[in-house]
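The values are calculated or read from the model by the stated rules, or taken from the named source; none is laboratory data. Here the structure is a predicted model, which is why all the values come from computation and not from measurement. The area values use the complete protein model at the heavy-atom level, side chains included, leaving out ligands, DNA and RNA. Shrake-Rupley method; radii C 1.70, N 1.55, O 1.52, S 1.80 Å.
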Amino acid sequence: MSIAANKVRGIMCAKVDDADEARLAKEHNNANVIAISSHQLGFAAKDIVDSYLKANFIGTERYTKRINKIYELEKKKSYK
């Protein structure tokens, strides 16, 4: 699902398996969507979502440059 979601302009989706990955997806990649495996049902899914929602994008130069490169590719549609 993350692959399909990332085909939509403006979506930055990360496939996450645990709460740490969810937090890092937001902090480092400014993910605005997460995809959770069906194996993570119940309390694990709640922890993953809570961790994602509580996190904030760090916005360091390194992370911002990486994200901007992705959006530039998206604008050029060179990822066909």
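Using just the C-alpha positions of the chain as equal point scatterers, what log10 of I(q)/I(0) does the Debye formula give at each q in 0.17, 0.24 1/Å?
Evaluating at q = 0.17, 0.24 Å⁻¹ gives log10 I(q)/I(0) of -0.67, -1.10.
Past 25 Å, Cα to Cα: identify those pairs from K46/K76; K54/K76; K54/K75; K7/K76; K7/K65, in the order given. Before the final figure, lay out each step's value.
Working: K46/K76 37 Å; K54/K76 33 Å; K54/K75 30 Å; K7/K76 13 Å; K7/K65 20 Å.
Violating the 25 Å Cα-Cα cut-off are K46/K76; K54/K76; K54/K75.
To the nearest 500 deg cm²/dmol, what mean residue ellipticity at 222 nm is calculated for the chain from DSSP H runs of n ≥ 4 alone, each contributing -39,500 (n - 2.57), summed and divided by the residues? Present the calculation step by step, with values, prior to reporting the outcome.
Details: 4 runs with 43 residues, N = 80.
The helix-only estimate for the chain comes to -16000 deg cm²/dmol at 222 nm.
With all protein chains present and a 1.4 Å probe, how do S38, S51 order by accessible area, largest first? Walk me through the numbers on the way to the answer.
Numbers: S38 85, S51 25 Å².
Greatest to least solvent exposure: S38, S51.
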